[in-house]
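To keep things clear, I will list the structure first and then write my remarks on it.
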Amino acid sequence: MKLGVNIDHIAVLREARRIADPDPMDALSICKRAGADQITIHLREDRRHMQDFDAENIIRLSSLPVNLECAIASDMIDIACRLRPHRVTLVPEKREEVTTEGGLAVTGKQPRLKHAIERLQAEEIEVSLFIDPTTQAVNASKELGVEWVEFHTGKYANIYAMLYSGLEKTPYTIPQLELPRNTLKKLLDKELENLRKLSCDTAELGIKVAAGHGLNYHNVSDIVAIEMIEELNIGQSIVARSVFSGLEQAILDLKALLIR
Ligand code: PXP
């Protein structure tokens, strides 16, 4: 299974001081050496972590394919078309969110989304849609003619955290998931089954399947077991571990968990 390493959080640390260190560019060769298959970056409209110059330099100089995540706003698509990364993953953005909290609204009439996809594909850039794992979103993605979808695994990760990580004892509890253990276990099984079924359905439609958000060293194995998922994009947990073990070791540890 392929691993896209999301290096946004290196820029988060740099932007905390607005100085030059740590430089996400320094991660490129380490990711390559550790066996990453792809570099993933999110150029947010609010530029809270990656800046335009980061995206420009990373796409120009990375020897690994670069997956650029961005919103469907026309000025973001202008940038993507100019930089021409290997792939663009279209994601929803809300200014007030801490991270990308849900999938793109792909159902119903979406002329802006369609236009963004057509512009990117005209530049021969692969397009992926970051979607919630629902049948409606998969069918809408098929109609939109994209090469990839990436399933948002946030719900799975949240249920897993409440069930196994003792998150309920921290300030980061998720109130709507404060449920008895057996209920959480059933919810987790249901979410995994949903991801399994939708991954098969999506692959049958000829769309490649990726997944990401909230995946870590504890919860990743059940996702790896879903055969039709070809790629994971993981950021927070890798960069968090790298603080203690170094980035190369953090990626090596994760790659070991992706072996099928
Ligand atoms: N995939 C997409 C489309 C994302 O937007 C993100 C970041 O929110 C990730 C994967 C990585 O998520 P995480 O940092 O939780 O691993």
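Things worth noting here:
- First in the stretch 131-156 and more than 20 Å from A71 (Cβ to Cβ) and at pLDDT 95 or above, second anywhere and of a type in the set (S, T, Y) and part of a loop (DSSP other than H, G, I, E, B), Cβ under 6 Å, 6 or more apart: Q136/T107
- Only listed residue being acidic (D, E), in contact (Cβ under 8 Å) with a residue 12 or more places away in the chain and surrounded by 21 or more Cβ atoms within 10 Å (Cβ to Cβ), chosen from D46, D23, D54: D54
- Test: residue in the stretch 47-67 that is modelled with pLDDT of 95 or more, over 29 Å from R33 (Cβ atoms) and within 11 Å of the ligand (Cβ to nearest atom): no
- Scanning the stretch 170-217 for residues that are within 16 Å of the ligand (Cβ to nearest atom), in contact with a helix residue (DSSP H, G or I) (Cβ under 7 Å, 6 or more places away or on another chain) and in a loop (DSSP other than H, G, I, E, B) yields I174, I207, H213, G214, L215, N216, Y217.
- Scoring I226 on the criteria (1) of a type in the set (V, I, T); (2) in a helix (DSSP H, G or I); (3) free of Cβ contacts under 8 Å to residues at least 40 places away in the same chain leaves a single failure, condition (2).
- Residue match in the stretch 75-92 (condition: more than 21 Å from K114 (Cβ to Cβ), within 14 Å of the ligand (Cβ to nearest atom) and assigned to a loop (DSSP other than H, G, I, E, B)): no
- Summed over the stretch 184-240, residues that are modelled with pLDDT under 95 and in contact with a Gly (Cβ under 9 Å, 6 or more places away or on another chain) total 0.
- Residue-level analysis places R33 among those that are surrounded by fewer than 16 Cβ atoms within 10 Å (Cβ to Cβ), in contact (Cβ under 8 Å) with a residue 60 or more places away in the chain and of a type in the set (D, E, K, R).
- All positions within the stretch 142-156 that are part of a loop (DSSP other than H, G, I, E, B) and either near the ligand (Cβ under 10 Å from one of its atoms) or out of contact with any helix residue (DSSP H, G or I) (no Cβ under 9 Å at 6 or more places or on another chain) (or both): T153
- Yes/no for S221 being surrounded by fewer than 15 Cβ atoms within 10 Å (Cβ to Cβ), in a helix (DSSP H, G or I) and in contact (Cβ under 8 Å) with a residue 24 or more places away in the chain: yes
- Which numbered condition D253 misses (of (1) within 26 Å of Q136 (Cα to Cα); (2) within 16 Å of the ligand (Cβ to nearest atom); (3) among the acidic types (D, E)): (1)
The values are calculated or read from the model by the stated rules, or taken from the named source; none is laboratory data. All figures in this text were calculated on a predicted structure; none of them were measured in a lab. Cβ sites come from the backbone with ideal geometry, for glycine too, and all protein chains shown count toward neighbours.
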